[in-house]
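Working notes for the structure below.
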Amino acid sequence: MVLLMVIMSSLALITDAKVYYVGGKQGWNQNPQLWLGDRTFKAGDILVFIYRKGEHNVAVYYDEFYYEDCAAPDNATTYTSGHDRVKLRKGYNYIISSVPGDCDDYFLAISPYAKVALKRS
């Protein structure tokens, strides 16, 4: 009985992940910082990146050092499907398109911060 109560109280802290389409109707195409605005995220939320396959990509990493140069480190996870889903980790998530020119021409770089995943009210 006690174990069941512990499990139930732990489940209350698990978040119901929300799904966000980065860039809205425009997708992952140009200046997603405007879309990011002051949105708040929880760890476990999903960001969906829609773009024409082969035109951009989505590189995800957790080291600010590379983000300042809009570069992806060797250990970045890179998606290329054109319909990519990224589950946010707690803290800053650095996300860019590592296709040459995308940062300069389209500003395809965001760094959403995900708070601790507590149950949404």
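The values are calculated or read from the model by the stated rules, or taken from the named source; none is laboratory data. Since the model is a prediction, treat every value here as computed from it, not as a measurement. Cβ atoms come from the backbone with ideal geometry, glycine included; neighbour counts cover every protein chain shown.
Test Leu4 against the criterion of being at pLDDT below 95 and either under 13 Å from Ile110 (Cα atoms) or outside any loop (DSSP other than H, G, I, E, B) (or both), and give yes or no.
Taking the combined requirement at face value, the residue satisfies it.
Do any residues in region 62-91 that are without any contact (Cβ under 8 Å) to a residue 24 or more places away in the chain and of a type outside the set (S, T, N, Q) have Cβ atoms under 9 Å from those of residues that are part of a strand (DSSP E or B) and surrounded by 13 or more Cβ atoms within 10 Å (Cβ to Cβ), where the two are at least six apart or on different chains, and which pairs are they?
Pairs found: Pro73/Ala59; Pro73/Tyr61; Ala76/Ala59; Ala76/Val60; Ala76/Tyr61; Ala76/Tyr94; Ala76/Ile96.
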